[in-house]
Amino acid sequence: MSSDNKNNSRGSSAPLYAPLEGRVILLGVSGGIAVFKAAGYARNLVRLGARVITVMTANAQNFVTPLTFAALTCQRVHTDTFDDMDAHTIPHISLAREADLMLLLPATANIIAKAANGLADDLLSTLYLAFSGPAVFCPAMNPLMYSHAATRDNMAALLSRGHTVVDAGFGDTACGEKGQGRLAEWEDVREAVIKALTPQNLHGLRVLVTAGPTRESLDPVRFFSNRSSGKMGYAVAGEAMRRGGRVTLVTGPCSLQPPPGVNVINVVSAAEMADAVEKQAIEADIIIMSAAVADYSPAEKSDIKIKKGMDTVTLTMKKTRDILSSVLEKRRPGQIITGFCAETGDLEAKAMEKLERKPVDLLVANDVTEHGAGFDVDTNRVLLIDRDHNQEKLPLLSKEEVAVRILNRIEGFLR
Ligand code: CTP
């Protein structure tokens, strides 16, 4: 089950990340074994703030009853075109009017074929024709059906109409075969839904994000690092993806799953991060440097494990390249650059000093000693300072919500 919004279950007072707040999703469920997974996904959509109205085909009801979806979404489930028909409401018209997005989950070969060809012989297929908003199809079927030319052509038709088709996953299917046909994972469905509802203001722009810590090795078994988890940078990369950016994430060692669709470059040391960023920065339109890069690295690295002998050891460390400074030196006109600033106390003064030294368009500063704003938590409390020295102090927010605010500010520079 999803890890979305678990921050509040830890007792944080930060508001939940609710990107679907106020949105109505028309969930079209057609008949396949993946219907049971769709029930869990429906619940997750509700947790993200959506009102989910479910429409089930007759075949879907052979797998799971409407009551399951009704209980999980706290909404009535619709199954028939002629349900509750009266002089004032025609179900397929009123449901289509209410919805912001139509999500076909799971989408069988049959509903995909009907949608592609405009057939309307039940409530769900009729609704598809009566709905003019964004539609997201999540196919799930036997691998042979999925790879059949007819299904491929039908999916291509849906894509050419501007709809989203979330690729099915690979693996064992319920019918005992291996191949592509499993319903996509929740994270992929979630991203597709949020993206389909997000204005594509970064469409076509190249966004470079750095995240995580670096590791400076001393010998084959030891290294110096810091407590960065990478959560903030990964959240920024995910939000830039949702807005249509072409995102490259240069990441130090993290235990996080990168957001779907992001081009990931894994690095370990500050030197490797510097090389990767300097290469990518030439092309980037937007650069967001959230990585906690080591400032110093051991001057000498041993190829063999250093043995315990002396009572005390003195190490010589040498300064690493300052990646943000070199990106700023080589910046192209129009490139928008955001830096981060992690401090322990006296935040405003230290952040202003950093902005003088590193003249970024936006500086995101936080005091890691403040409750909920440190490393490895799901929340952050940041001070945003822009190139004109305007300050905005944000309250305690989930890192996803902080990413939304950062990207809003960056979009402001594009206008
Ligand atoms: N940064 C960088 N390369 C480094 C060190 C930092 O690119 N070798 C970037 C970080 O990714 C961040 C910004 O510079 O966006 C500020 O990092 P921070 O560690 O807060 O400050 P420093 O400039 O390193 O200065 P100090 O450690 O003295 O505060």
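Listed residues Gly176, Gly230; which is surrounded by fewer than 20 Cβ atoms within 10 Å (Cβ to Cβ) and at positive phi?
Gly176
Residues of the range 8-37 that are open to solvent by 10 Å² or more (accessible area, probe 1.4 Å) and at pLDDT below 65: Asn8, Ser9, Arg10, Gly11, Ser12, Ser13.
Screening the candidates Gly345, Gly339 for the property of being in the same structural domain as Ala270 (by TED's automatic domain parsing) and either within 21 Å of Leu205 (Cα to Cα) or surrounded by 14 or more Cβ atoms within 10 Å (Cβ to Cβ) (or both) yields one hit, Gly339. Looking only at residues in the range 316-330 that are touching a residue at least 24 places away in the same chain (Cβ under 8 Å) and open to solvent by 80 Å² or more (accessible area, probe 1.4 Å), the one that is farthest from Lys358 (Cα to Cα) is Lys319.
The rows are residues; the columns are (1) under 22 Å from His92 (Cα atoms); (2) open to solvent by 20 Å² or more (accessible area, probe 1.4 Å).
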{"site": "Pro139", "(1), (2)": "no, no"}
{"site": "Ala149", "(1), (2)": "no, yes"}
{"site": "Ala156", "(1), (2)": "no, yes"}
{"site": "Arg161", "(1), (2)": "yes, yes"}
{"site": "Val166", "(1), (2)": "no, no"}
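Of the candidates Gly204, Gly171, the single residue that is farther than 15 Å from Ala34 by Cβ, loosely packed, with under 15 Cβ neighbours inside 10 Å and not aromatic (Phe, Trp, Tyr) is Gly204.
Do the conditions hold for Ile265, that is, is it surrounded by fewer than 19 Cβ atoms within 10 Å (Cβ to Cβ), away from the ligand (no atom under 14 Å from the Cβ) and outside the structural domain of Arg387 (by TED's automatic domain parsing)?
On the way: surrounded by fewer than 19 Cβ atoms within 10 Å (Cβ to Cβ): yes; away from the ligand (no atom under 14 Å from the Cβ): yes; outside the structural domain of Arg387 (by TED's automatic domain parsing): no.
Here the answer is no, as Ile265 does not meet what is asked.
Applying the set (1) in a loop (DSSP other than H, G, I, E, B); (2) open to solvent by less than 60 Å² (accessible area, probe 1.4 Å); (3) at negative phi to Ile385 leaves exactly one unmet item: (1).
So for the range 336-357 (the condition being over 17 Å from Gln391 (Cα atoms), under 28 Å from the mean Cα position of the chain (by Cα) and within 12 Å of the ligand (Cβ to nearest atom)), does at least one residue qualify? Looking through the range 336-357, none of the residues is over 17 Å from Gln391 (Cα atoms), under 28 Å from the mean Cα position of the chain (by Cα) and within 12 Å of the ligand (Cβ to nearest atom). Can you confirm whether the range 120-129 contains a residue that is assigned to a loop (DSSP other than H, G, I, E, B) and in contact (Cβ under 8 Å) with a residue 12 or more places away in the chain? Within the range 120-129, one or more residues are assigned to a loop (DSSP other than H, G, I, E, B) and in contact (Cβ under 8 Å) with a residue 12 or more places away in the chain. Residues that are open to solvent by 20 Å² or more (accessible area, probe 1.4 Å) and touching a helix residue (DSSP H, G or I) at 6+ places or on another chain (Cβ under 8 Å) were ranked within the range 249-258; the one that is nearest to the ligand (Cβ to nearest atom) is Cys254. In the range 282-294, the residue that is surrounded by the most Cβ atoms within 10 Å (Cβ to Cβ) out of those that are in a strand (DSSP E or B) and more than 7 Å from the ligand (Cβ to nearest atom) is Ile288.
Consider Ser302 against the criteria (1) open to solvent by less than 80 Å² (accessible area, probe 1.4 Å); (2) within 16 Å of the ligand (Cβ to nearest atom); (3) over 24 Å from Leu208 (Cα atoms); (4) touching a residue at least 24 places away in the same chain (Cβ under 8 Å): it satisfies all of them except one. Which criterion is unmet? Condition (2) is where Ser302 drops out. So, of the residues in the range 305-328 that are among the basic types (Lys, Arg) and within 16 Å of the ligand (Cβ to nearest atom), which turns out to be nearest to Lys231 (Cα to Cα)? So the residue we want is Arg321.
Are any of the residues in the range 358-373 more than 16 Å from the ligand (Cβ to nearest atom), open to solvent by less than 70 Å² (accessible area, probe 1.4 Å) and under 21 Å from Leu16 (Cα atoms)? Yes, there is a match, as at least one residue in the range 358-373 is more than 16 Å from the ligand (Cβ to nearest atom), open to solvent by less than 70 Å² (accessible area, probe 1.4 Å) and under 21 Å from Leu16 (Cα atoms).
The numbered conditions (1) more than 9 Å from the ligand (Cβ to nearest atom); (2) not in a strand (DSSP E or B) are all true for Ser297 except (2). Once the range 390-409 is narrowed to residues that are more than 15 Å from the chain's Cα centre (by Cα) and part of a helix (DSSP H, G or I), the residue that is surrounded by the fewest Cβ atoms within 10 Å (Cβ to Cβ) is Asn408.
The values are calculated or read from the model by the stated rules, or taken from the named source; none is laboratory data. The model shown is predicted, which means the values in this text are computed figures rather than measured ones. Positions of Cβ are backbone-derived with ideal geometry, glycine not excepted, and every protein chain shown enters the neighbour counts. With ligands, DNA and RNA removed, areas are computed over all heavy atoms of the protein, side chains included. Shrake-Rupley method; radii C 1.70, N 1.55, O 1.52, S 1.80 Å.
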